[in-house]
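Below you'll find the structure, written out as structure tokens, and then a few comments.
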Amino acid sequence: MTAVSDPQSVAALVGEANDNRVNLDFESEGMTLNMGPQHPATHGTLRIIARLDGEQVISAEPMCGYMHRGYEKLTEVRTYPQINALINRIDWLGSFANEVPFILAAEKLMDVEAPPRAQWIRTILFEMSRVANISLFLGDFGLQLGGMTAGFYAFRDREWVLNQIESATGGRFHPNFDRIGGLKDDLPKGWIEESHTAMDKLLAFCDEMEDLLVGNEIFQGRTRGIGVIPAEIALSYGLSGANLRASGVDWDLRRDNCPPGLVYDKADWKVWTHPDGDCFARTWVRLQETREAAKIVKQLLDTIPSGPVMAKVPRIIKVPAGEAYVATENPLGEMGYYVVSKGDLVPFRVKIRSASFNNISVLPWVARGAYVPDLISILGSLYFILGDIDR
Amino acid sequence: MTLLLASFAPPYWLSTLIKVLVISAVVPTTALILGMVFLFKIMSWMQSRLGPQEAGPRGTLQLLADGVKFLQKEDIAPDGADLWVFKVAPLVVLMSTLVLYVALPASMHLVVADLDVGVFFVLAVASLSVIGVLMAGWSSASKYSLMGALRAAGQLIAYELPMVLAVIGVVIQAGTMSLNGIVLAQNNGSIFGWSGIGFPYILTQFLGFFIFIAAVQAELTQPPFDMPVAESEIVSGYQVEYTGFRFLIFFLAEFATAFVFAGIAAVLFLGGWAVPWLPTASDWYYVLGPIVLFAKVMIVSFIIFWVRFTYPRFREDQLQSLAWKVLIPLALVNIVVTAVLKVVL
């Protein structure tokens, strides 16, 4: 394994060897600390079995499955529109983004394409759910590092986005707005201007967060150089999204492999990377991503075409036999659905590739040698949603 | 009325009784005031929330309602707890707070014990609370509690020394360790012959004030130094197993300690219970003294709580390096400069 050659584990090994040599008489056995399933920092029911020496983590192993809901199995007995309602609950902070890759996969199999207006609105709502999701991350990470106020500001300003999502789709958290071949409804009157205002508020929120949290010396002391994930490790563990870009890998599905049906090429935006790969880099990349997402929304709002929002599709949806995999760049990283259809009302099999499951898998590697407070920084900056780990 | 108070000379047993009653009334009251004003209202406004609205006029009775709620809760002790130690620990913490109030002067005579070494006494007993915290952490039979208690004990090494060193500057300048003496020295002093505002030591001892407040922040285990009770790391540390009344005692002790430390900072740096344009010998201070002190305490508390609501949390080793590499050298420089100027000027 590559692990032995990296400086972190070498330091850990050397430290261990020194401890064994010097402290023969004072040998203390480590302590096993169960963080979770109920622990404030895991925001959900993740359990981390941490083996500690004092406050230093010898090993940390995430245990998931406490909230497993069996979605992949459930999809085999649900029709496609029903699945759409179900998969809203995977990443519950960016629900709309969960629907899109599944719907795109179904559309690919049925060989239908949503009308341009629907594509535009999809992309706008997709990016809005990204803003809603990551703006909460910024506050929540502050909360985990002890800065209470950041959390409340995040909840306050996320409301601007959620209100827009609600007024367009009718659901604040679980829109269930996508249909195969388009969208359920057109946008309400005045929505575009209101969305401009909301995005301006969110851009101001990003500036505020940079002032309050990201620029803070204590915050930087707690995050810089903590939990460094080199690019090759990030790639070998299958990290995606901001976690990967923070390790310096310039990879974004929106730009590199955008599935047809999303119109990212119609907006002018930038993929941000950071060379450091530490907790600070992950936070910083996410902060920039929130800004970029708000800018994408603002540009697309101005160029939104007219026309219908729904293509001609049969009333009862039967997907022709075949296989399709569609992945999009969700707020947490790559989210993909591998849909296998046998021509029925229900899919034969759906494999859900959610980002957090892979993102959290790097934890044992990155947490060794860290202190317990750093473990919280690492966990917070890896940013997982429990529903995205346990599907 | 002030004359009446000035000529009031009760026998020893009565004065002792009065002092005990006053302290036991003042400690919870001040804790409630700070909790209500800062923790509930000002914190809410800073975080763009409304805070308590319903209980009493403008939500002022919310803390009382919460207190009653705590009293109703069952007093649970963990299975493996060292029961006797577990139950006594909150009282030890509270006792350290009570003892701190003994030395705080609210006017020339409104003080439980006007000690000649008041500063020394205050700094000595302030660290007693760590014993209670260690007892709580050890006896709770919980790993989180134990880690919290050990963090608190480790923190003591970091902040206690800067706190003592920061105060020495004031002591040198005043030439006395009596808290009342320091108040008198400030209010009867003059800045280059101009005695308009007396001579509050914050003007010269600004560095000392800053270090003192930072150390108080650590003593109170408040952000950015709240590692012993970090809720996102070790789930409130040594308090995690406490319920009901015993948890309430921890809460009371924390906020009462915040008040008394703000009071000591006000005495040391802001001129204490006196205002410069009224002679310190005036009998009006029987009434005015507590009010003036309270006002100054609220100003200092605002700083303490403002920092608390704004900053993220340090790591334990970062606090140590901050204390030993920054605060202690700064405090030593402060002492040297103060001592040299005291002799030269």
Practice item. Quick one: count up the residues across region A:314-332 that are out of contact with any strand residue (DSSP E or B) (no Cβ under 8 Å at 6 or more places or on another chain), touching a residue at least 60 places away in the same chain (Cβ under 8 Å) and under 11 Å from A:Ile180 (Cβ atoms). Key: 1
Practice item. Identify, by number, the condition in (1) modelled with pLDDT under 85; (2) under 26 Å from B:Gln173 (Cα atoms); (3) in contact with an Asp or Glu (Cβ under 8 Å, 6 or more places away or on another chain) that B:Ala215 doesn't meet. Key: (1)
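Matching residues to (1) more than 30 Å from A:Asp374 (Cβ to Cβ); (2) touching a Gly at 6+ places or on another chain (Cβ under 6 Å); (3) among the acidic types (Asp, Glu):
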site: A:Lys108; (1), (2), (3): yes, no, no
site: A:Phe126; (1), (2), (3): yes, no, no
site: A:Gly139; (1), (2), (3): no, yes, no
site: A:Thr149; (1), (2), (3): no, no, no
site: A:Arg158; (1), (2), (3): no, no, no
site: A:Thr169; (1), (2), (3): yes, no, no
Practice item. Take region B:218-253 and flag every residue that is touching an Asp or Glu at 6+ places or on another chain (Cβ under 9 Å), more than 14 Å from B:Ala149 (Cα to Cα) and not hydrophobic (A, V, I, L, M, F, W, C). Key: B:Gln222, B:Thr243, B:Gly244, B:Arg246
Exercise for review: Search region B:129-148 for residues that are closer than 11 Å to B:Val240 by Cβ and pair each with any residue that is among the hydroxyl-bearing types (Ser, Thr, Tyr) when their beta-carbon atoms are under 6 Å apart and the residues are at least 6 apart or on different chains.
Suggested key: B:Ala136/B:Tyr238; B:Gly137/B:Ser145; B:Gly137/B:Tyr238; B:Ser145/B:Tyr238; B:Gly148/B:Tyr238
Review point. Any idea which residue in region A:279-315 is farthest from A:Thr79 (Cα to Cα), counting only those that are among the small types (Gly, Ala, Ser) and surrounded by fewer than 17 Cβ atoms within 10 Å (Cβ to Cβ)?
Key: A:Ser306
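Could you list, in sequence order, the residues of region A:259-285 that are in a loop (DSSP other than H, G, I, E, B) and either free of Cβ contacts under 8 Å to residues at least 24 places away in the same chain or under 23 Å from A:Ile229 (Cα atoms) (or both)?
Quick first cut of region A:259-285, residues in a loop (DSSP other than H, G, I, E, B) only: A:259-263, A:267-278.
Result: A:Lys270, A:Val271, A:Trp272, A:Thr273, A:His274, A:Pro275, A:Asp276, A:Gly277, A:Asp278.
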Exercise for review: Return yes or no: is A:Val346 of a type in the set (Val, Ile, Thr) and away from chain B (no Cβ under 14 Å)?
Suggested key: yes
Point to revise | Filtered residues of region B:290-345 (kept if within 14 Å of another protein chain (Cβ to nearest Cβ), in contact with a Gly (Cβ under 6 Å, 6 or more places away or on another chain) and at pLDDT 90 or above) | key: none
Check your understanding: Looking at B:Ala258, B:Ala214, B:Ala253, which is the one that is under 22 Å from A:Ala150 (Cβ atoms), out of contact with any strand residue (DSSP E or B) (no Cβ under 6 Å at 6 or more places or on another chain) and assigned to a helix (DSSP H, G or I)?
Key -> B:Ala214
Check your understanding: Across region A:233-253, what is the total count of residues that are part of a helix (DSSP H, G or I) and more than 17 Å from A:Leu287 (Cα to Cα)?
Key -> 5
Practice item. Only residues in region A:214-232 that are within 15 Å of A:Val285 (Cα to Cα) and within 11 Å of chain B (Cβ to nearest Cβ) count as the first member; pair them with residues that are surrounded by 20 or more Cβ atoms within 10 Å (Cβ to Cβ) and of a type in the set (Ser, Thr, Tyr), Cβ under 7 angstrom, at least 6 apart or cross-chain, and list the lot. Key: A:Val214/A:Thr283; A:Thr223/A:Thr283; A:Thr223/A:Ser377; A:Thr223/A:Ser381
Point to revise | Residue in region B:194-242 that is surrounded by the fewest Cβ atoms within 10 Å (Cβ to Cβ), counting only those that are more than 14 Å from every other protein chain (Cβ to nearest Cβ) and of a type in the set (Ser, Thr, Tyr) | key: B:Ser195
Practice item. May I ask you to say which residue of A:Ala114, A:Ala60, A:Ala150, A:Ala154 is of a type in the set (A, V, I, L, M), within 14 Å of chain B (Cβ to nearest Cβ) and not in a helix (DSSP H, G or I)? Key: A:Ala60
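Tell me whether region A:147-161 contains one or more residues that are under 30 Å from A:Val346 (Cβ atoms) and either modelled with pLDDT under 90 or touching a helix residue (DSSP H, G or I) at 6+ places or on another chain (Cβ under 8 Å) (or both). I'd like the intermediate steps shown before the answer.
So in region A:147-161, the residues under 30 Å from A:Val346 (Cβ atoms) come out as none.
No, because not a single residue in region A:147-161 is under 30 Å from A:Val346 (Cβ atoms) and either modelled with pLDDT under 90 or touching a helix residue (DSSP H, G or I) at 6+ places or on another chain (Cβ under 8 Å) (or both).
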Study note, to complete from the structure: By residue number, the members of region B:43-102 that are more than 22 Å from the chain's Cα centre (by Cα), among the hydrophobic types (A, V, I, L, M, F, W, C) and either within 14 Å of chain A (Cβ to nearest Cβ) or not in a loop (DSSP other than H, G, I, E, B) (or both) are B:Trp45, B:Met46, B:Leu50, B:Ala65, B:Val68, B:Phe70, B:Leu71, B:Leu83, B:Trp84, B:Val85, B:Phe86
Point to revise | Qualifying positions in region A:66-106 - hydrophobic (A, V, I, L, M, F, W, C) and more than 24 Å from A:Ile124 (Cβ to Cβ) | key: A:Met67, A:Leu74, A:Val77
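Any residue at all in region B:115-128 that is within 14 Å of another protein chain (Cβ to nearest Cβ), assigned to a loop (DSSP other than H, G, I, E, B) and touching a residue at least 60 places away in the same chain (Cβ under 8 Å)?
Here is the first cut: in region B:115-128, the ones within 14 Å of another protein chain (Cβ to nearest Cβ) are none.
No: zero hits.
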Check your understanding: Quick check: anything in region B:90-111 surrounded by fewer than 20 Cβ atoms within 10 Å (Cβ to Cβ), in contact (Cβ under 8 Å) with a residue 12 or more places away in the chain and farther than 28 Å from B:Leu39 by Cβ?
Key -> yes
Review point. Being assigned to a helix (DSSP H, G or I) and more than 17 Å from the chain's Cα centre (by Cα), is that true of even one residue in region A:169-184?
Key: yes
Practice item. Could you check how many residues of region B:245-301 are closer than 19 Å to B:Phe209 by Cα, surrounded by 20 or more Cβ atoms within 10 Å (Cβ to Cβ) and among the small types (Gly, Ala, Ser)? Key: 9
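From A:Phe384, A:Phe357, A:Phe348, which residue is aromatic (Phe, Trp, Tyr), surrounded by fewer than 18 Cβ atoms within 10 Å (Cβ to Cβ) and closer than 28 Å to A:Ile83 by Cα? Spell out how you get there, then give the answer.
Details: A:Phe384 fails: surrounded by fewer than 18 Cβ atoms within 10 Å (Cβ to Cβ); A:Phe357 fails: surrounded by fewer than 18 Cβ atoms within 10 Å (Cβ to Cβ).
Result of the check over A:Phe384, A:Phe357, A:Phe348: A:Phe348.
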Study note, to complete from the structure: In region A:191-202, residues that are over 30 Å from A:Phe102 (Cβ atoms) and either assigned to a loop (DSSP other than H, G, I, E, B) or more than 14 Å from chain B (Cβ to nearest Cβ) (or both) total 3
Review point. For region A:305-391, which fully contained strands (runs of 3 or more DSSP E) count at least 2 residues that are basic (Lys, Arg)?
Key: A:349-353
Point to revise | Residue in region A:357-379 that is in contact with a Phe, Trp or Tyr (Cβ under 7 Å, 6 or more places away or on another chain), within 14 Å of chain B (Cβ to nearest Cβ) and more than 27 Å from A:Ala105 (Cβ to Cβ) present | key: no
Point to revise | Single residue of region B:302-332 satisfying the filter (free of Cβ contacts under 8 Å to residues at least 12 places away in the same chain and farther than 30 Å from A:Tyr153 by Cα) that is surrounded by the fewest Cβ atoms within 10 Å (Cβ to Cβ) | key: B:Lys325
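The values are calculated or read from the model by the stated rules, or taken from the named source; none is laboratory data. This one's a predicted model, so the numbers in the text were calculated from it and none came from an experiment. Every residue, glycine as well, gets a Cβ built from its backbone with ideal geometry; the counts of neighbours run over all protein chains shown.
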